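Engineer: Structure provided below as structure tokens; questions to follow.
Derivation of every value follows stated rules applied to the coordinates shown; laboratory data play no part. This structure is a prediction, so every number in the text was calculated from the model and none was measured. Heads up, the Cβs are rebuilt from the backbone with ideal geometry, glycines too, and the neighbour counts pull from every protein chain shown.
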Amino acid sequence: MSADAATALAGVPRTPGAAKPDPILVADDVVRRFGGITAVDVRHIEVQRGTITALIGPNGAGKTTLFNLLTGFDRPNSGSWTFEGRSLGGVPAARVSKAGMVRTFQLTKALSRMTVMENMRLGAKDQPGESLVKALVPPLWRAREKEITAKAEELLDRFKLYEKRDDFAGSLSGGQRKLLEMARALMSDPTMVMLDEPMAGVNPALTQSLLGHIQGLRDQGTTVLFVEHDMHMVRHISDWVAVMAEGRLVAEGTPGTVMADPAVIDAYLGAHHDTDLGDDALLDESVARQLEQEAAAEAKAHEEEQR
Amino acid sequence: MDFERILTTVAGELFAPTTAAYALAAIGLNIHFGLTGLLNFGQAGFMLLGAYGFAVSTIAGFPIWAALLVAVACSTVFALVLGIPTLKLRGDYLAIVTIAAAEIVRIVGRSTALTDVTGASSGLRGDSYKETFHSLSPFGDGSSTIGPFTYSNSFSNSWWLRVVAWVVVALACLLVWRLMRSPWGRVLKGIREDEDAVRSLGKNVYAYKMQALVLGGVIGSIAGILYVLPRAVQPDSMGRPMTFWVWTILLLGGAATVFGPVLGSMLFWSVLMLIRVVGRDVIPSSVMSTAQIEQFGWIVVGVTLMLLVIFRPQGILGDKKELAINVR
Ligand SMILES: Nc1ncnc2c1ncn2[C@@H]1O[C@H](COP(=O)(O)OP(=O)(O)O)[C@@H](O)[C@H]1O
Ligand SMILES: [Mg+2]
């Protein structure tokens, strides 16, 4: 946890829906029903600016649905929310993204038949060549294209995908696609990133450095809201944790308090009896080695599948 | 068998105005399908609308540039009308709506209520709208022979029309080439792969799809004008089969390539001609009549399309590597 974020959140009560000193995102009474089931029913939630907030909860808790609603990919039955003081209810997804709130998807959406580099370039903002008329006059967009390419190369390098820049995104492994999607989201310098299970399927050898990137983002002032199942990771990098169960926000607090909360253990661990919430060591040696072996095996299987 | 005559007839198809018109229509469809992934099954509707727009306004006394503008305006409005309700929905809706809308254009065009305007089912005679185009020709009257080919200089199925048609096709290829390699083309390609991903990156997917639909449709309408300049406007010859052939041409040459539609059209029409002339010479009329040989040619087209989609879905010029990526 970063010191700044810790001070900012120090006085915040550990109750669901607690008010934050400087919220970037505030949502009220957001309800989404699918037929008979209520997937999301969140009374009030605030996300503190410049922090890493983890959204956890058992499968089917409504985390992805909440992401879809907030980012304009789905319409709620009722509810309203503001991002940086601006109401974003009913605003289409593209405009939400332009406003600075960029998301990734639980099921990755790498653009398979485009190269890694093309994927990255597509993430950039303010490319005049994306207008039909200006596209016909390359001098109007070449300079910007160079800047975009340089930025993409720098990000790809950071995400260990530089070597793959000319490969089709569809030829990447599942984990690499997750990385690509995240790197692509960063091309537009978002104010807030919403990551839906960013680590699922990522090679454990890379998770450490990825955690570093997420913390680096926060340290540069980007707000991060992410859904994650790996409790070690949540504990390791988040400044704040919000817990959802059956569509509702059931608990909030620092990682330490939340994971000791009986309501959370009930709601969450009900589904994950074997999940270890207590261990502070992110990945101890033997676990790391075992995971690495599994990942290597998976990568090999993936390569064979490609052939 | 007269090899020279066969060869000449077949080679003549390679640069015939009809071949150019179909190539241009397929270039328009390529912007829809190859670049953006839009399923337009009504390209013939755009072509017919362009032909009507041009012919009707020329007959009404418009100069050629105004008649062209009318054709472009008609197809733009048509694209907007088709796109506004469907482009926000899943791709299949556009497919269904375009098939139906193209049929509506044809049926309205041939209805007796419009006899004074469109000539109903008998259509518009070529002579009634060709004059403005002919009069622009610098080639004068008479006819010329280049190698084995003899055509009139300026009139109807002429050298003049060939020059104009292929220049237009070349310009359209240049346009597609430029756009495909631009950031605009990149957004379209992204939309073809996954709309939601592109949306999450802040692009107005609906607006891009609309631009592609209008642009491809306008190119289709100009193809329709080229198609009717050497003949008459016949609504019934510009129905579903025409759309189907444009698709065959695009898939044959290779979708999402610059020259695929051109190569596809040349191959399509010359092979079809080859089957016809060889068939007429070789097959005794007791086995197959001339009309049946014609039918046989179309059967070959259908079978070719099936084989193509099964064995070489990327077409002749398509990138095999790109298609080998299974979309997960
Ligand atoms: N498009 C949909 N149609 C019907 N039910 C849905 C849809 N999307 C999500 N749900 C349901 O909403 C609930 C919440 O799902 P989701 O938001 O994906 O949970 P999480 O991401 O927390 O695992 C689940 O019961 C799920 O089955
Ligand atoms: Mg989910």
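Engineer: Under a 5 Å amide H to amide H cut-off, with H placed in plane at 1.01 Å, what residues pair with A:TRP240 once short-range neighbours are removed?
Structural biologist: A:ILE52, A:ALA54
Engineer: Still on this structure: Any chance you could run the full-extension gain for B:VAL278 through B:GLN292? It's 0.36 nm times the residue separation minus the Cα-Cα distance, nm to one decimal. Don't skip to the end; give the middle numbers.
Structural biologist: Numbers: separation 14, 0.36 × 14 = 5.04 nm, distance 1.32 nm.
Full extension of this stretch gives 3.7 nm more.
Engineer: Additional query: Would you mind giving the mean number of other chain beta-carbons within 10 Å of the Cβ of each residue in B:177-189, as a whole number? Present the calculation step by step, with values, prior to reporting the outcome.
Structural biologist: Details: counts 0, 4, 3, 1, 3, 13, 15, 11, 4, 11, 7, 2, 5.
Neighbouring Cβ atoms belonging to other protein chains average 6 per residue here.
Engineer: Now, a different point. Which residue, B:TYR151, B:TYR129, B:TYR52, has the most motion in a Gaussian network model of chain B that connects Cα atoms within less than 10 Å?
Structural biologist: Comparing B:TYR151, B:TYR129, B:TYR52 in a Gaussian network model of chain B, the most mobile one is B:TYR151.
Engineer: Apply the a/c threshold of 1.5 to the C-alpha gyration tensor of the stretch B:76-174 and tell me whether it is rounded, prolate or oblate.
Structural biologist: oblate
Engineer: Something else now. According to a simple spin-label model (label point 7 Å from Cα along Cα-to-Cβ), what is the distance in nm between A:SER131 and B:PHE149?
Structural biologist: Taking the simple label geometry, B:PHE149 and A:SER131 are separated by 4.2 nm.
Engineer: What distance in nm separates the two pseudo spin-label positions at B:PHE139 and A:ASP189, each 7 Å out from Cα along the beta-carbon direction?
Structural biologist: 5.8 nm
Engineer: Could I ask something else about it? In whole Å, how far is the Cα centre of the stretch A:92-147 from that of the stretch B:278-292?
Structural biologist: Cα centres, the stretch A:92-147 to the stretch B:278-292: 57 Å.
Engineer: Just check the stretch B:1-67 against the gyration tensor rule for me: Cα atoms, a ≥ b ≥ c as the square roots of the eigenvalues, rounded for a/c under 1.5, and otherwise prolate or oblate depending on whether a/b exceeds b/c. Intermediate results must be reported in sequence, preceding the final value.
Structural biologist: On the way: a/c = 3.27, a/b = 1.32, b/c = 2.48.
Oblate, since a/c reaches 1.5 and b/c is not below a/b.
Engineer: Sort out for me the Cα centre separation of the stretch A:1-33 from the stretch B:192-237, rounded to whole Å.
Structural biologist: Each part's Cα centre sits 48 Å from the other's.
Engineer: Two decimals is fine: what's Rg over Rh for chain B, C-alpha atoms, Kirkwood radius as Rh? List each step's numbers first, then the result.
Structural biologist: Details: Rg = 20.1 Å, Rh = 20.6 Å.
Rounded to two decimals, Rg over Rh is 0.98.
Engineer: Follow-up. Quick check on chain A: what does the Kirkwood estimate of hydrodynamic radius come out to from the alpha carbon pairs, in Å? Mind dumping the intermediate values first?
Structural biologist: Details: mean 1/r = 0.0491 Å⁻¹.
Answer for chain A: a Kirkwood hydrodynamic radius of 20.4 Å.
Engineer: Can I ask one more? Expressed as a whole percent, how much of the Cα-Cα distance distribution for the stretch A:1-48 exceeds 12 Å? Present the calculation step by step, with values, prior to reporting the outcome.
Structural biologist: Details: 759 of 1128 pairs.
Within the stretch A:1-48, distances greater than 12 Å cover 67 percent of Cα pairs.
Engineer: Right, next: Using +1 on the beta carbon of Lys and Arg, -1 on that of Asp and Glu, and nothing else charged, what's the dipole of the protein assembly as shown about the Cα centre, debye to 20? Numbers along the way, then the final one.
Structural biologist: Numbers: 58 positive and 61 negative charges, 440 e Å.
Approximately 2120 debye in magnitude.
Engineer: Please give the length that would be gained between A:GLN220 and A:ALA205 if that part of the chain were fully extended, namely 0.36 nm times their separation in residues minus their C-alpha to C-alpha distance (nm, one decimal). Present the calculation step by step, with values, prior to reporting the outcome.
Structural biologist: Numbers: separation 15, 0.36 × 15 = 5.40 nm, distance 2.42 nm.
Contour length minus Cα-Cα distance gives 3.0 nm.
Engineer: Now for a separate question. Which is farthest toward the positive dipole end of the protein assembly as shown among B:ALA71, B:ILE99, A:ALA39, measuring Cα position about the Cα centre, with Cβ charges +1 (Lys, Arg) and -1 (Asp, Glu)?
Structural biologist: B:ALA71
Engineer: Beyond 11 Å, what percent of the Cα pairs of the stretch A:98-141 remain? Write out the running numbers ahead of the final one.
Structural biologist: Values: 704 of 946 pairs.
When all Cα pairs of the stretch A:98-141 are counted, 74 percent exceed 11 Å.
Engineer: For the stretch A:42-84, treating each Cα as an identical point scatterer without solvent, what Debye log10 I(q)/I(0) comes out at q = 0.22, 0.25 1/Å?
Structural biologist: The calculated log intensity ratios at q = 0.22, 0.25 Å⁻¹ are -0.93, -1.16.
Engineer: For B:TRP65 and A:GLU147, what does the FRET efficiency come to when R0 = 45 Å and r is the distance between their Cβ atoms, rounded to the nearest 0.05?
Structural biologist: Values: r = 41 Å, r/R0 = 0.92.
Plugging the Cβ-Cβ distance into 1/(1 + (r/R0)^6) gives 0.65.
Engineer: Can you order the peptides B:215-226, A:63-74 by their average number of other Cβ atoms within 10 Å per residue, highest first? Please report the intermediate quantities before stating the final value.
Structural biologist: Numbers: B:215-226: 28.6, A:63-74: 22.9.
So the peptides B:215-226, A:63-74, ranked by packing, come out B:215-226, A:63-74.
Engineer: The stretch A:240-255 to the stretch B:48-98: how many Å between their Cα centroids?
Structural biologist: 54 Å
Engineer: Over the C-alpha atoms of the stretch B:245-293, what are the Rg and the largest Cα-to-Cα span, Dmax, in Å?
Structural biologist: 14.2, 45
Engineer: Could you give me the ³J(HN,Hα) list for the stretch B:83-98, computed from phi with Karplus coefficients 6.51, -1.76, 1.60 and θ = phi - 60°, whole Hz, x at Gly and Pro?
Structural biologist: Using θ = phi - 60°, the values come out as x, 4, x, 9, 6, 8, 9, 5, x, 4, 5, 4, 4, 5, 5, 5 Hz.
Engineer: Determine the principal axes of the Cα atoms in the stretch A:1-160, then give the extent along each, sorted from largest to smallest and rounded to whole angstroms.
Structural biologist: Ordered largest first, the stretch A:1-160 gives principal extents of 54, 44, 30 Å.
Engineer: So which of A:LYS20/B:LYS209; A:LYS20/A:LYS109; A:LYS134/B:LYS88; A:LYS134/A:LYS160 end up more than 30 Å apart by C-alpha? Please list the in-between numbers first.
Structural biologist: Numbers: A:LYS20/B:LYS209 41 Å; A:LYS20/A:LYS109 33 Å; A:LYS134/B:LYS88 25 Å; A:LYS134/A:LYS160 33 Å.
Checking Cα-Cα distances, A:LYS20/B:LYS209; A:LYS20/A:LYS109; A:LYS134/A:LYS160 exceed 30 Å.
Engineer: How high is the FRET efficiency between B:SER128 and B:ALA95 when r is their beta carbon distance and R₀ equals 35 Å, given to the nearest 0.05? List each step's numbers first, then the result.
Structural biologist: On the way: r = 35 Å, r/R0 = 1.00.
That gives a FRET efficiency of 0.50.
Engineer: How big is D, in µm² s⁻¹, for the stretch A:115-171 by Stokes-Einstein at 10 °C and 1.306 mPa s if Rh is the Kirkwood radius over C-alpha pairs?
Structural biologist: On the way: Rh = 11.9 Å.
The Stokes-Einstein estimate is 133 µm²/s.
Engineer: Residues of the stretch A:127-141 with the amide nitrogen closer than 17 Å to a label point 7 Å from the Cα of B:TRP177, along Cα-to-Cβ, please.
Structural biologist: Only A:136-139 fall inside the zone, counting backbone N under 17 Å.
Engineer: Another question, then. Give the Kirkwood hydrodynamic radius (Å, one decimal) of the stretch B:1-121, defined as one over the mean of 1/r across all pairs of different Cα atoms. The partial results should precede the final answer.
Structural biologist: On the way: mean 1/r = 0.0614 Å⁻¹.
After inverting the pairwise mean of 1/r, the radius is 16.3 Å.
Engineer: Modelled label-to-label distance, A:ARG14 and B:ILE104, 7 Å Cα→beta-carbon offset: nm?
Structural biologist: Label at A:ARG14, label at B:ILE104, 6.3 nm between them.
Engineer: So what's the projected area for the protein assembly as shown, the Cα convex hull averaged over all directions, in nm²?
Structural biologist: Details: hull surface 139.5 nm².
Convex hull of Cα atoms, orientation-averaged projection: 34.9 nm².
Engineer: Cα-based Rg of the stretch A:16-107 per 2.2 N^0.38 Å, rounded to two decimals? Could you put the intermediate results ahead of the total?
Structural biologist: Details: Rg = 12.6 Å, N = 92, 2.2 N^0.38 = 12.3 Å.
With N residues counted in the stretch A:16-107, Rg over 2.2 N^0.38 Å equals 1.03.
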